[in-house]
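> I have a structure here, written as structure tokens, and I will follow up with some questions on it.
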Amino acid sequence: MLIDFELRNADITYGPDAFTDKRGLQMSILELQMGCIPSLIELYENFDIDSQFQGLPPSHMNLRIAWLQGLLRSGAHLIALNDGNIVGHATLMELPARKSCEFIIVVVKQHRNNGIGTKLCEASKKWARTLGYRSIWLNVSSSNCSAIHVYKKAGFRVLNSLNADLEMEVGL
């Protein structure tokens, strides 16, 4: 099935930044390019539905593809690569009224807890600052202790507790 994707690239490019994860695997973080879209689709096709937050990414594949198409048209995107495969994806979605951006991050289940999320957070903060944002905002499930740990380590602080979610922000 041929799917049409449009990618909005930021005015200022990012990366690549190379690093070694906690298992000794070589990784790099760079701005998403059109040539990596098939690997990104594969990441989301194989996404662990148990890791969904607020229904994202959608469970049904057609809805997931439509969600991803919208995300790619409107955000600035970083990916974590290992041997040419995307193992992490971070998105900065502009919130113009606040000169801020919303942060969405996904790390493939088998690559979690190895420093990739931390590196994507650090890279996203650096890039958001370069793009002129004043802060990064996110929502996270209050039961996602691993993600909250990563966000706090990256300097995010809790703004509000909303039912079972936390609203967090980091100034740049």
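> Can you pull out every residue in segment 127-148 that is crowded, with 16+ Cβ neighbours inside 10 Å and either among the basic types (Lys, Arg) or in a helix (DSSP H, G or I) (or both)?
Trp127, Ala128, Ala147, Ile148
> Cβ-Cβ below 9 Å, separation at least six or inter-chain, first residue in segment 10-22 and surrounded by 11 or more Cβ atoms within 10 Å (Cβ to Cβ) and in a strand (DSSP E or B), second among the hydroxyl-bearing types (Ser, Thr, Tyr) and at pLDDT 90 or above: which pairs?
Filtered contacts from segment 10-22: Asp17/Ser28; Ala18/Ser28; Phe19/Ser28.
> Write out, first by first residue and then by second, each pair whose Cβ atoms fall under 6 Å of each other, whose residues are 6+ apart or on separate chains, and whose first residue, in segment 26-49, is crowded, with 16+ Cβ neighbours inside 10 Å while the second is among the acidic types (Asp, Glu).
Short answer, once both residue conditions are applied: Met27/Asp21; Ile29/Asp17.
> Still on this structure, please answer the following. Go through segment 74-116 and give me each residue that's at pLDDT below 95, part of a helix (DSSP H, G or I) and buried (at least 16 other Cβ atoms within 10 Å of the Cβ).
Answer for segment 74-116, where residues must be at pLDDT below 95, part of a helix (DSSP H, G or I) and buried (at least 16 other Cβ atoms within 10 Å of the Cβ): just His111.
The values are calculated or read from the model by the stated rules, or taken from the named source; none is laboratory data. Note that the coordinates shown come from a computational prediction; the quantities given were computed from them, not determined experimentally. When we count neighbours, we look across all protein chains shown, and the Cβ atoms used for this are built from the backbone with ideal geometry, even at glycine.
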